[in-house]
Amino acid sequence: MKLTIGCDHGGRRLKDAVVAHLKARDIQVTDIGTYSDESVDFPFYAEEVANQVISGESSLGILCCGTGIGMSIAANKIVGIRAAVVSDCFSAKATREHNDSNILCHGERVVGEGLALKIVDTWLDAIFSGERHAKRLQMIAEMELKNES
Ligand code: RB5
């Protein structure tokens, strides 16, 4: 599996920890930055990761900022993206099984590193359940189409 990860200055330390964790799991990861504590604008990174997921360059994405919220708002503007901010393992599993989320958003100022890495593992290891949930994703896709014009 190939995964793209990005962050702003508020999520940079957590992003680095997640990258190391993914590499230890032998997951191919593209790290698009940021790479320092200098203040940057999170929508740029959200759009870049989202585009790599939509183009198929990566099958999944992870975004880290201070809360995970700004990243999720921005990433969800890209058609086809289902980005979820997750701060617990129950939601991490549910958002793959029910929502087929394709981007996980983390808040470095919200979750500690240990929990964040458990959330990543739970999210990656869960599988979309399909069935009634597929119909609901189709309804979301239709909403996107209606709002395109
Ligand atoms: C940056 O200070 C902070 O606003 C950002 O990382 C994020 O939390 C936005 O939602």
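The table below gives the values:
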| read-out | value |
| --- | --- |
| Between 0 and 90°, nearest 10: helix 132-148 axis offset from the chain longest Cα axis | 90 degrees |
| Cα-Cα separations in the range 30-69 greater than 17 Å, expressed as whole percent | 29 percent |
| Likely footprinting exposure, ARG132, ARG13, fewest C-beta neighbours within 10 Å first | ARG132, ARG13 |
| About the Cα centre, charge dipole magnitude for the chain (Lys/Arg +1, Asp/Glu -1 at Cβ), debye | 420 debye |
| Lone cysteines, the chain (no partner Cβ under 4.7 Å) | CYS65, CYS89, CYS105 |
| Rounded FRET efficiency, nearest 0.05, which uses the C-beta distance separating SER39 from LEU137 and R0 of 41 Å | 0.70 |
| GluC sites (Glu not before Pro) within the range 53-145: DSSP coil, no more than 14 neighbouring Cβ in 10 Å | GLU57, GLU131 |
| Length released on extending from LYS118 to LEU145, taking residue separation times 0.36 nm less the Cα-Cα span | 6.2 nm |
| Helical mean residue ellipticity (222 nm; -39500 (n - 2.57) per DSSP H run of 4+; nearest 500) of the chain | -15500 deg cm²/dmol |
| Lysine pair count for the chain [Cα-Cα under 25 Å; pairs on different chains or 8 or more apart] | 17 |
| Stokes-Einstein diffusion coefficient of the chain, Kirkwood radius over Cα pairs, 4 °C, 1.567 mPa s, in µm²/s | 86 µm²/s |
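Coordinate-derived values only; no laboratory data. Keep in mind that this is a model prediction, so the values were computed, not measured. Note that we place each Cβ from the backbone using ideal geometry, even for glycine, and neighbour counts take in every protein chain shown.
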